[in-house]
Amino acid sequence: MKNKGLILIAEDEPQARESLRALLEEEGYRVLVAVDGRQASQMLACEPVDAALIDLRMPGKDGLALLDELRREPAAPPVLIMTAYGSSDVAIQAMALGAFDYLAKPINFEELRIQLERAIESRRRAAELEAYRAEESAAQPTELIGNSPAMQRLYKVLGQVAPTDSTVLILGESGTGKELVAAAIHRHSLRSRQRFVRVNCAAIPETLLEAELFGYERGAFTGAAQRRIGKFEFAHGGTIFLDEIGDLAPSTQAKLLRVLQDRTIERLGSNVTISLDVRVLAATNRDLAQAVKEGRFREDLYYRLNVVTVVVPALRERREDIPELARFLLRRCAARLKLPLPVISPEAIEWLVQQPWPGNVRELEHCVERALVLSRGGVLRPADFQVAEQPGTGDPFDNVPLEEGLHAAVARLERRLIERALARTGGNRSRAAELLRINRRLLYEKMREFGLLES
């Protein structure tokens with residue numbers, strides 16, 4: 001039988017304790033037993049449990065004292081209080097101290113089974129939401145930088161769009177900062193106090209994307225051991241940002257169209273319709289209008305997304321922002337890497353301004369970080385930003401040992417080629433994929449396989 005979790009029973013009456021143990025083990029739980037509150041406290045300090053079943057009246061330390069102690073712990077398990085004294089005062093006190101519920105003796109086992117499942121599911125959901133929040137906090141973007149005419153026009157449009165609830169399609173080349181623009185729209189919207197949830201549609205394998213977006217029920221597919229809410233449901237009340245929207249598969253496009261039309265979703269494996277209050281922002285560097293003509297993108301979805309269009313200027317269209325941007329990126333990199341902050345010389349600034357930057361701000365950031373790491377002085381000069389590839393000599397396969405095996409050798413070569421393509425394009429994944437003559441989704445899958453995706 002599948003293990004349903006670890007339960008602690010704290011009960012001083014031996015017969016009741018052993019009866020509960022036998023019933024819960026038969027149900028598929030692993031069980032720890034404590035004869036009083038002090039032993040229960042020691043067990044909980046040594047081993048995390050999924051839920052605790054605690055008697056109200058025990059010698060030494062009673063159930064309410066143990067509950068009061070547990071509520072101070074950051075990862076305390078849900079607690080069900082058992083009591084033969086079912087007065088309103090006891091119930092109110094137990095719930096005020098954070099009990100998940102209380103059960104009157106003699107225990108109705110069917111009620112206990114249901115409440116345990118609910119308690120464990122509630123804890124799992126809370127942990128899942130906390131993980132989402134941690135991920136969200138770690139990925140907080142930085143501010144938009146620049147005062148060029150192109151950026152001033154962008155700021156004006158953002159100021160007009162942000163306070164509305166309109167769906168926004170953000171267009172621009174790779175590396176221009178489309179995610180920063182989406183974050184700015186959310187930050188200045190009426191939903192700013194709610195969640196801003198990011199989804200990179202190209203980075204998630206097609207087979208997993210629908211589950212990631214809409215969630216799933218337990219048993220919906222192989223490996224779906226527990227119910228999981230999707231990104232749309234998590235963003236309820238706030239904003240969801242769908243990056244690389246042009247990479248959506250046709251089947252997922254159809255599901256997304258329904259969300260935009262009806263503002264409802266259904267988790268995989270469920271027929272229950274869930275209503276949503278969520279603002280949708282989407283971004284792409286692809287020509288969606290052309291993709292519609294070629295039959296690669298649904299026309300009805302395109303018009304649903306393209307309510308308001310925001311175009312982010314390429315770096316070459318705002319060269320006057322490069323000095324400020326380069327200094328900002330340098331400060332940020334130095335702080336993150338805990339390195340001394342050098343000065344960029346006027347000659348280096350001029351050199352940076354003159355470069356084409358096909359990878360835009362992302363390429364500039366990689367270039368600045370590389371110069372910071374490799375420089376040896378307090379002043380960065382043009383030579384610190386210029387990288388010449390070292391040409392190879394001889395047959396590159398001469399030094400590959402046959403014992404390594406074909407698959408390992410091919411994997412090593414693939415990884416090296418991907419690293420070189422990313423280095424040459426300043427981290428621009430779209431251009432790297434073009435150099436390697438593969439699609440971006442395959443590039444993401446290979447980067448994940450080789451551990452090259454940023455954490």
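Every number in this text was worked out from the coordinates using simple rules, so none of it is lab data. Keep in mind it's a predicted model, so treat the numbers as computed, not measured. Here Cβ is always computed from backbone atoms with ideal geometry, including for glycine, and neighbour counts include all displayed protein chains.
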Legend entry - Rel. contact order, % - alpha carbon contacts under 8 angstrom, at least six apart, the chain: 12 percent
Legend entry - Value of [θ]222 nm, deg cm²/dmol, for the chain, DSSP H segments ≥ 4, -39500 (n - 2.57) each, nearest 500: -14500 deg cm²/dmol
Legend entry - Relative intensity, log₁₀ I(q)/I(0), of the chain from a Debye sum that treats every alpha carbon as a point, q = 0.13 Å⁻¹: -1.16
Inset, instruction - Provide, for the chain, the number of lysine pairs with alpha carbons under 28 Å apart, each pair being eight or more places apart or on different chains. - result: 13
Legend entry - Rel. contact order, % - alpha carbon contacts under 8 angstrom, at least six apart, segment 402-449: 29 percent
Inset, instruction - Check each of the trypsin sites (Lys or Arg not before Pro) in segment 308-353 and keep only those in coil by DSSP with at most 14 other C-beta atoms within 10 angstrom; list them in order. - result: Lys338
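Show me the ranking of peptides 215-226, 59-70 by mean Cβ neighbours inside 10 Å, starting with the highest.
Working: 215-226: 13.7, 59-70: 18.7.
Those peptides, ordered most packed to least, come out 59-70, 215-226.
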Legend entry - Electrostatic dipole magnitude of segment 154-311 [Cβ: Lys, Arg +1; Asp, Glu -1; Cα centre; debye, to 20]: 480 debye
Legend entry - Cβ-based charge dipole, segment 6-135, positive-most Cα from Met58, Leu103, Leu70: Leu70
Legend entry - Charge dipole magnitude, Cβ of K and R +1, D and E -1 - the chain, Cα centre, debye nearest 20: 1320 debye
Legend entry - Farthest positive-ward along the chain dipole, Cα basis, beta-carbon charges - from Gln42, Gly427, Leu24: Gly427
